[in-house]
Structure formats: C-alpha cells, structure tokens
Amino acid sequence: MPGHTRAREKRLEFLQGTLHLLILRTLMFGASHGHAIAKHIQRTSEDVLKIETGSLYPALHRLEDQGLIASEWELSDKGKRARFYKLTPAGRKKLTNEQSRWDDFAQAMGRVLRPAEDRG
C-alpha cells in the first residue's frame, strides 16, 4: 500500500513539524530542560497538549542536529544535572518563518471550517 505509507509519512511530518514549532516557541523565553519544556506546553495549552517523553526527546535531538537549538548540561532548580536547551540564531529565524506559516494555515482552516455564511 504505497499510498497509505505516503499518507502516514505526511502525517508524521506534520506532527513533528508542529512539535518542533511548539518546542522552538517555548525556548524563545530562555533555556530550559526537557521536562520543563513539556510542562510549559501542557500548561499554556490548558492541558490540551501533553507531550510524551518518547516524542519530546527525539524532537529535541532532531532540532539540535539541524542546528536550531543547542544544549549543555547544567543543574536544575532541584539540584539535579539536566540537559538545558536553548534557541540558536537559526532556530529564531526558523521559529519566525514557521510561526508565520502556521498562522496562515490556521486562518485558512478557519475559513474552510467556518465559512462567512456560517458566521452570520
């Protein structure tokens, strides 16, 4: 089923891209460790978005491999060693571009899901 596989790959790409954008946006506020990134996303989405460890850390590694974030070991506020991630200049640029694309996408979806005649 080549068509089925291709559709699944596109879905995975969309989900990864969305998670990448959420991580980059979270790191805009400063360096953070993985658990704090996941908690920030969950808290700011009012518990709608819950990022599992199995998704978060591979995404962080992909972003680091792409040069969009950098990391270093530091002590957390609880005194434990943790890897802290921060945006790179390339990451800031990517965040700006992707946020603009996401805004365009969300507006287009809104137009399709709520046509003018439905807004009445």
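In debye, nearest 20, what is the charge dipole magnitude of segment 31-113 about its Cα centre with +1 on Lys and Arg Cβ and -1 on Asp and Glu Cβ, if you could check?
That gives segment 31-113 a dipole magnitude of about 140 debye.
Need one number: nm distance between label points at Thr18 and Glu74, each 7 Å from Cα along Cα→Cβ, rounded to one decimal.
Rounded to a tenth, the inter-label distance reads 3.0 nm.
For every other residue with a beta carbon closer than 15 angstrom to the beta carbon of Lys86, add +1 if it is Lys or Arg and -1 if Asp or Glu, then tell me the sum.
+2
With 10 Å bins from zero, work out the P(r) of segment 70-119 over every alpha carbon pair and list the percent per bin.
Per 10 Å bin, starting at zero, the Cα-Cα P(r) for segment 70-119 comes out as 22, 23, 21, 19, 12, 3 percent.
Can you tell me what percent of all Cα-Cα pairs in segment 37-106 are more than 18 Å apart?
Above the 18 Å cut-off, segment 37-106 has 54 percent of its Cα pairs.
FYI, it's all coordinate maths here, none of it is from the lab. Model, not experiment: these values are computed from the prediction. Positions of Cβ are backbone-derived with ideal geometry, glycine not excepted, and every protein chain shown enters the neighbour counts.
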